[in-house]
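Any read-out appearing in this document is the output of simple, stated calculations on the displayed coordinates, not a laboratory observation. Just so it is clear, the model here is predicted, and its values are computed rather than measured. We place every Cβ from the backbone using ideal geometry, glycine too, and count neighbours over all the protein chains shown.
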Amino acid sequence: MTLWRIRATVDDRPGYLSVLTASLALRGVNILSVQVHTTEAGAVDDFLVDAPDTLDESDLIAAVERGRGRDCWVARSEARGLADQPTRVLGLATRLVHGPEETGDALRALLGADDVAWRPTGVTGGIDGTTMLLPDPAGGSYRLRRAAPSYTPAEYARAQALVELAAAVSRRAADHVTLALPDGAELLVRPATADDLAGVRELHEGCSARSRQRRYFAGAALPSPARLRRLLAPAEGLTLLATTTGGPGGPAGRVVAMANLVAEGDEAEVALLVRDDWQRRGIGTALLRRLVGQAERAGVAAVLLHVQAENGPMMRTLRRLGCAATVERDGSLVTVTMPVTPDAAFAAVPSVPAAVSPAPAAVSPASAAVSPVRRRPC
């Protein structure tokens, strides 16, 4: 017996598939698996069969045509073809999770393509006979070609799902970065998830009352679990966590800092909390820089930070960013606005005295900011 792949189109009407399978059965052909691809031209049936050694390609084509099949394609298959399609697709998906750079090879294996080429230009996806064009969500596109048979919409959908999976894995990998601190320690910076609730609560418990009060303004009590959950998954925005990688910094996975970006309209508010024993090591600057970059990619016009005027460490962190900004002071509260769109005229972040004595002039934005100069925004 010999393994063959047979693809043929039949009218998408009740009973037509049974006529085709009966014609194959009369010649001793054992159907091992069948997939049906619905197309505008009819139902494309894809068979893996075990046929007697006495039958060749022309005999199988003749059997298909006698069974009311048309546009027949027949090719020898290998034993690996015995794996069913869902199993093969899941195996390729697992492969891409571990190595998204192998997308081209996975597409070739999935569709039996003779040529797979990635191009930097985007395309409108679709199929044209034996050519398939796939937009790459990460940028660019794939072009797949094979001699036969023609691609089907179902094959395009499978290929598109694999490409989107690879792009999602790549984005996730790009979102996980290792932060090397000046003192040689390393932290993992990544987006927060709902599963980080316990770690973020531990972060708050490990902070001093003063650090919590500087972050939340309204007392030093621990935020409720409901509020922490909202911070971990803001409706519009992003929360980044810095966690230890093991070694001198403590057990791997301990949350030592949290930075929040919450968007509303064309502005976003940014806030930061760093454990006391990890402060003054450049973590806050690195997290804020990434959040400002995220805001720019999201099309936000400006980011705002509300800081207590006595919070000198935070003001120094903002100045280290090197961003253009305006500063407004209202009593003990300082609001720093940093544009993230080009060609905006803002001043450098000025120094704010650690101790503030509210005075009429201190409330005026003009008195709090230095003379406006044009600088490149963050």
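For the chain, a Gaussian network of Cα nodes joined below 10 Å ranks 32, 228, 162 by mean-square fluctuation, and the top entry is 32.
Counting only DSSP H runs of at least 4 residues, each contributing -39500 (n - 2.57), and dividing by the residue count of the chain, the helix-based mean residue ellipticity at 222 nm comes to -10000 deg cm²/dmol.
Distance between the pseudo-spin-label points of residue 59 and residue 298 (7 Å out from Cα toward the beta carbon): 6.6 nm. With angles folded into 0 to 90 degrees, how steeply does helix 85-98 sit against the dominant principal axis of the chain? Use alpha carbons for both and round to 10. So the inclination is approximately 30 degrees. A Cβ-based charge dipole, computed about the Cα centre of the chain with Lys and Arg at +1 and Asp and Glu at -1, lands at about 1600 debye. Model label points for residue 160 and residue 306, set 7 angstrom from Cα along the Cα-to-Cβ axis, are 4.4 nm apart. Between residue 188 and residue 13, residue separation times 0.36 nm minus the direct Cα-Cα distance comes to 57.2 nm.
Exposed loop positions in the chain were taken to be GluC sites (Glu not before Pro) whose DSSP state is not H, G, I, E or B and which have at most 10 other beta-carbon atoms within 10 angstrom. Between these positions, the longest stretch is 79-378.
With Cα atoms defining each centre, region 274-344 and region 19-57 are spaced 66 Å apart in the structure. Taking every alpha-carbon pair under 8 Å whose residues sit at least 6 apart, region 85-173 reaches a relative contact order of 29 percent. Only one residue of 180, 104, 192 has its Cα farthest out toward the positive end of the dipole of region 82-235, where Lys and Arg carry +1 and Asp and Glu -1 on Cβ, and that residue is 192.
Considering only 77, 17, 42, the residue lying farthest towards the positive end of the dipole of region 2-81 is 17, judged by Cα position with unit charges set on Cβ.
On the beta carbon distance between residue 123 and residue 39, with R0 = 30 Å, the FRET formula returns roughly 0.90.
The Cβ shell under 10 Å around residue 237 holds other residues with a net charge of -3, Lys and Arg each +1, Asp and Glu each -1.
What whole-number value in cubic angstrom gives the convex hull volume per residue for the C-alpha atoms of the chain? About 188 Å³ per residue, rounded to a whole number.
Our coupling estimate for region 120-127, obtained by passing each phi through the Karplus curve with A = 6.51, B = -1.76, C = 1.60 and θ = phi - 60°, is x, 8, x, 9, 8, x, x, 10 Hz, Gly and Pro reported as x.
As I understand it, the value is the acute angle between the Cα axis of helix 16-25 and the longest principal axis of the Cα atoms of the chain; what does it come to in degrees, rounded to 10? It is inclined by approximately 60 degrees. Taking a point 7 Å from the Cα of residue 269 along the Cα-to-Cβ direction, the residues of region 307-326 with backbone N closer than 15 Å to it are 307-308. Would you work out if region 85-173 is rounded, prolate or oblate? Take a ≥ b ≥ c from the square roots of the eigenvalues of the alpha-carbon gyration tensor; rounded if a/c is under 1.5, else prolate when a/b is larger than b/c, oblate otherwise. Oblate. Compactness check for region 2-81: Cα Rg over 2.2 N^0.38 Å is 0.99.
Ordered by the number of other Cβ atoms lying within 10 Å of each residue's own Cβ, fewest first, 70, 88, 329 fall into the sequence 70, 88, 329. Short-range pairs are left out: with C-alpha atoms under 8 Å and at least six residues apart, the relative contact order of the chain is 9 percent.
Each part reduced to its alpha carbon centroid, region 199-273 and region 111-170 end up 41 Å apart.
Each residue of region 155-161 was assigned a 3J(HN,Hα) from its phi angle through the Karplus curve 6.51 cos²θ - 1.76 cosθ + 1.60 (θ = phi - 60°); the sequence is 5, 5, 5, 5, 5, 4, 5 Hz, with glycine and proline shown as x. 3J(HN,Hα) along region 45-57: 9, 10, 10, 10, 10, 10, 10, x, 5, 6, 8, 10, 4 Hz, from the Karplus curve 6.51 cos²θ - 1.76 cosθ + 1.60 with θ = phi - 60°, whole Hz, x for Gly and Pro.
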